[in-house]
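Novice: The structure that follows is given in the form of C-alpha cells.
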Amino acid sequence: MEAEARCAAPLRVFEALRLLGTALQSSSAPSTVWFKESSQKNLRSRDFLVPRGTLKNSFPDGEVPADVIEKLRSLAAPGLPPIKNCLQSEAGLLVQLDRPAVFRQVLKDFTPYLRPPSSADSGPDVVILNCAPLHSNKALEALRLSHLRAVLIADHLAEVLTLQGKHVYRVPAAFCTEVEGFLSQLGISWPSSADAPALEETVSCFKDLLRDCDEDTGDVDSAQSPGAIRVQLKTSAEKHNICLQGYDPNLDFFLVNEDDLRHIARLQRSVQAAQTSPCTVLHIVSCEEEFHQQKLDLLWRLVLPSTGDVAQKHLVCGRVKVVNSASAVTCSQYFQMRKSQMLEASVMKYGDSVQGESWDEIINSLTSAAIKFELLATPHRSQVNLNLEETNITTKGTKSGAFVMYNCARLATMFDSYNSAVSQGIYPEFPPARELSYSSLCEEGEWLLLFNYIMMLPEVLSQSGQMSSTSPGIRVTANTEVICKFLVSLSMDFSCYYNRVHILGEPLPHLFSRMFARLQLMKGVQSVLHSALKTLHIMPLTQI
C-alpha cells in the first residue's frame, strides 16, 4: 500500500529538495543545500547537487560517508521522484533520477502538474484585490500605461490566487464602460456591476463621520475642491493609536473628495461581502499614485476603526516609460501600434491570405500576448521601458509573447497533422497513456522539457502569487513576472527540440512506440503552455 501511495502521489521537485535535505541533515550535515539542476549541460550527469564547497562545511574534507550515500540511494517517499543513483564527484554530491520511471509516472497523467501544489499555507483564505487605477479613470484617454500595467498585474494575481484555493474579490466592480471595453480586447473580464444606491448612502455617512471625528477635520470652501473635506491624517492616526510604520512620513493633510469616499465605500462593501475573517486587502497601485493610496488606506481606518482588523497591503508597480517618444502615449495608441505591427509582420510572412475573421482573431491574440509580455515580464517594482518601434516584438523574437504564441501554433498544427494522418489510415489511433513505453525518451531535450517545465509548473504557479514583505511596513512584493519568463524559456527549449527531432516519423510499426511517447510528451508541453497562458488570459493560437 505504501508503494502504491508513492506511485500515486504527484512528483514534486521542491518536495524532493526538502526530503533530500532532511535525509542529509539527519547525518550531521545541517548546512548542506541541494540544488535542482536546470541547464542541459549539467542535466547530462545529474539532477540534484550539493556542491563540493558546501560539503566541506559539514563533512571532513568534503567526503560523504558511504552509509549516507547508500541511505540517499534508497530514499523513497510520496512526492519524491524515484532515485537511480547517488554518488560523489568532483562537482559534489549528486543524485540521478530514474528517468524512465519519472517519465512514466508523470506522463501517464500530467493533469496534477497543471495546478499549484496544495499547501498548508497559513496566509489568508480571502484576498480582496483593489485595483486602484480603475476607481478614478472616467475615460479611456485617462488610462495611462502605468495604470494598464497595474490592471494586468491585478488580473494575473486574481487567477493564480484562485488556483491556489484563495477566495478572491476584485474591486472596483463598477468603472468606466469605455475602459471596460478596452480591457475586453486584452481578454480581461473584470467583474462589473452598477454601483448600488446604497453606496451613495455610505458616502454620505462617511462624510458625517469625518466631520464629527475630531476638531482638525472640516469642509473646504474652494473652487478647486468643491465639497472636499480637510482631514489631518497624521494627527488623527496618532489619536486613534494607528501604527504609521511603513507609511510615507510626509502624510499630513488630505483633501477628501467624493471619489475618495466611494473608493473606501467599495472596499468596505467587499469586506462585508466576504463575511470571513481574517482577510487581506491588497492595493495594487502605480508608483505615481502610491502616496494617495496610502492616504486612502488611513482614511478608511479613521472612518471605520473596525477596519484595523483587516490587513491592508500595498503592491506598487513601477513606471512604464516609452523611449524615444516626445509625447505621452495613451493605452489605445499603444494597442493600435502593436496591432498594426502584428498585422504588418503577418502580411509580410503570409501575404494576401491574412484577411477574414479567423485572421482578425489571430492578430488580436498576438497583440494581447505582445502587450502582456512587455508589461508583465519585468518585476512589478521595476520600471518598464517600451520601445514602440521594436520590430522583434512582432515576429519570432525569443523574448516576445508572439514567440510563445508561435510555438503554441506549431504544436496545434503538429497534432492536426497527426489526426489527419490517423483518419487516412497512415498512423494508428493513439493508445492510452498508461500503455505507452517511455524508455525510448532518451533525448536530452526530452528530459529538459519534462524536468524543467512539466514538473516545475506547479511551483511556478505557486511562486507567481506568493507575497513577501520587503519591510515590516505596508509594502509587499510578488513574483508576477515568473510566468512570462517561464513561458519564454519553455518556448525556446521546445523550439530547439522541435527543430532537431522528427516527432511524426515514418509510418513504420517499429517506430510507433517512440512516436507515441514523444507525442504524449508534447501533449504535456502543450497543456503546460495553455495552463500558464490562461493565468494571463491569453488564448493560445491553434494556427498561424
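Throughout, read-outs are computed from the coordinates displayed, never taken from laboratory work. Remember, it's a predicted structure, so these values are computed and weren't measured experimentally. Reconstructed Cβ throughout: ideal geometry from the backbone, glycine too, with neighbour counts over all protein chains shown.
Novice: How tilted is helix 401-423 with respect to the longest principal axis of the chain? Cα atoms for both, answer in degrees (0 to 90, nearest 10).
Specialist: Helix 401-423 and the main axis of the chain meet at about 50 degrees.
Novice: To continue, here is another question. Quick one: angle between helix 331-350 and the longest Cα principal axis of the chain, in degrees between 0 and 90, rounded to 10, please.
Specialist: Here the helix axis deviates by roughly 30 degrees.
Novice: On to the next question. Which order do the peptides 408-414, 146-152, 204-210 come out in when sorted by mean C-beta neighbours inside 10 angstrom, highest first? Working shown, then result.
Specialist: On the way: 408-414: 18.9, 146-152: 25.4, 204-210: 16.0.
The peptides rank, most packed first, as 146-152, 408-414, 204-210.
Novice: For the peptides 525-535, 39-49, 425-435, what is the packing order when you average, over each peptide's residues, the other Cβ atoms within 10 Å and list the highest mean first?
Specialist: Output ranking for 525-535, 39-49, 425-435: 525-535, 39-49, 425-435.
Novice: Which of the pairs Lys56/Lys166; Lys108/Lys534; Lys339/Lys523 have their Cα atoms more than 32 Å apart in this structure?
Specialist: Lys56/Lys166
Novice: Counting only the backbone N, which residues of the stretch 338-374 are under 19 Å from the spot 7 Å out from the Cα of Asn324 toward its beta-carbon?
Specialist: 338-345, 371, 374
Novice: Grab the other residues whose beta carbon is less than 14 angstrom from that of Glu159, score K and R as +1, D and E as -1, and report the net.
Specialist: Local charge sum for Glu159: +4.
Novice: Taking every pair of Cα atoms in the stretch 2-97, average 1/r, invert it to obtain the Kirkwood radius, and report Rg/Rh to two decimals.
Specialist: 0.96
Novice: Rounded if a/c is under 1.5, else prolate if a/b beats b/c, else oblate: with a ≥ b ≥ c from the C-alpha gyration tensor eigenvalues square-rooted, which is the stretch 68-192?
Specialist: In terms of gyration-tensor shape, prolate.
Novice: Largest first and in whole Å, give the semi-axes of the stretch 437-544's equivalent ellipsoid, each being the square root of 5 times a Cα gyration tensor eigenvalue. Don't jump to the answer; show the numbers that get you there.
Specialist: Numbers: eigenvalues 243, 41, 22 Å².
Gyration-tensor ellipsoid for the stretch 437-544: 35, 14, 10 Å.
Novice: Sorted by mean Cβ packing within 10 Å, highest first, what order do the peptides 239-252, 366-379 take? Working shown, then result.
Specialist: Details: 239-252: 12.9, 366-379: 24.1.
Output ranking for 239-252, 366-379: 366-379, 239-252.
Novice: With θ set to phi - 60° and the Karplus curve 6.51 cos²θ - 1.76 cosθ + 1.60, what are the ³J(HN,Hα) couplings of the stretch 522-532 in order, to the nearest whole Hz, using x for Gly and Pro?
Specialist: 5, 4, x, 4, 4, 5, 5, 4, 5, 5, 5
Novice: Per Stokes-Einstein, at 10 °C and 1.306 mPa s, what whole-number D in µm² s⁻¹ belongs to the chain, with the Kirkwood radius over Cα pairs as the hydrodynamic radius?
Specialist: Translational diffusion coefficient: 60 µm²/s.
Novice: Short version: what are the Cα gyration tensor semi-axes of the stretch 51-100, square root of 5 times each eigenvalue, largest first, in whole Å?
Specialist: After scaling each eigenvalue by five and taking roots: 22, 11, 9 Å.
Novice: Above 27 Å lies some portion of the pair distances; for the stretch 126-322, what is it as a whole percent of all C-alpha pairs?
Specialist: Here the long-distance tail beyond 27 Å is 28 percent of all Cα pairs in the stretch 126-322.
Novice: Considering Cα pairs under 8 angstrom that are at least six residues apart, work out the relative contact order of the chain and quote it in whole percent.
Specialist: Details: 837 pairs, mean separation 90.1, N = 544.
Across the chain, relative contact order equals 17 percent.
Novice: Determine the dipole magnitude for the stretch 63-202: charges of +1 sit on the beta-carbon of Lys and Arg, -1 on that of Asp and Glu, nothing else is charged, the reference point is the Cα centre, and the result goes in debye to the nearest 20.
Specialist: Roughly 520 debye, rounded to the nearest 20.
Novice: Excluding same-chain residues fewer than 8 positions from Lys71, which aspartates and glutamates have a Cα within less than 19 Å of its Cα?
Specialist: Glu2, Glu15, Asp47, Glu63, Asp98
Novice: For Cα pairs less than 8 Å apart in space and 6+ apart in sequence, what is the mean separation divided by the residue count of the stretch 2-97, i.e. the relative contact order in percent? Working shown, then result.
Specialist: Working: 147 pairs, mean separation 31.4, N = 96.
Across the stretch 2-97, relative contact order equals 33 percent.
Novice: With both bridge residues required to lie in the stretch 126-322, what share of the DSSP beta bridges run antiparallel, to the nearest 5%?
Specialist: Roughly 25 percent of the DSSP beta bridges within the stretch 126-322 come out antiparallel.
Novice: Less than 22 Å apart at the alpha-carbon level, and either on another chain or at least 8 residues along: which lysines does that give for Lys207?
Specialist: The reachable lysines, counting only those whose Cα sits under 22 Å from Lys207, are Lys234, Lys239, Lys295.
Novice: Principal axis lengths of the stretch 124-170 from Cα atoms, whole Å, largest first?
Specialist: Largest to smallest, the principal-axis extents are 36, 15, 12 Å.
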